[in-house]
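Reviewing the structure listed below.
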Amino acid sequence: MPTYAYRCRECTDTFELQRPMSESAAPASCPDGHTDTVKLLTTIAFTGSASAPAAAPAPSAGGGCCGGGCCA
């Protein structure tokens, strides 16, 4: 179940609620009972992975083709 973050405009505390996505826009009261709250935009950070792709190999020295033509 997703967790949504809110901030109370009366006491300025932030809090989180777990609720179904279907209730994501429903009003939320802060733990102190205030009803003037706003839902905060939250982000998810993904860091590191065991299956990260390998770095591309360095270009080799010497001639090669550039855009279909051979470079000298």
(message) If I filter the range 18-28 down to residues being assigned to a loop (DSSP other than H, G, I, E, B), of a type in the set (G, A, S) and under 21 Å from the mean Cα position of the chain (by Cα), which single residue comes out as surrounded by the fewest Cβ atoms within 10 Å (Cβ to Cβ)?
(response) A25
(request) Could you list, in sequence order, all residues of the range 1-17 that are open to solvent by 100 Å² or more (accessible area, probe 1.4 Å) and of a type in the set (S, T, Y)? (result) none
(message) Take the conditions surrounded by 10 or more Cβ atoms within 10 Å (Cβ to Cβ) and at pLDDT 95 or above and apply them to T42. Does it pass?
(response) no
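Only one residue in P53, P31 is at pLDDT below 95 and outside any strand (DSSP E or B). Which one?
Values: P31 fails: at pLDDT below 95.
When all the criteria are applied, what remains is P53.
The values are calculated or read from the model by the stated rules, or taken from the named source; none is laboratory data. Just so it is clear, the structure is predicted and the values come from calculations on it, not from any experiment. Cβ coordinates were reconstructed from backbone atoms using ideal geometry, including for glycine residues, and neighbour counts include every protein chain displayed. All accessible areas refer to the heavy atoms of the entire protein, side chains included, with ligands and DNA or RNA removed. Shrake-Rupley method; radii C 1.70, N 1.55, O 1.52, S 1.80 Å.
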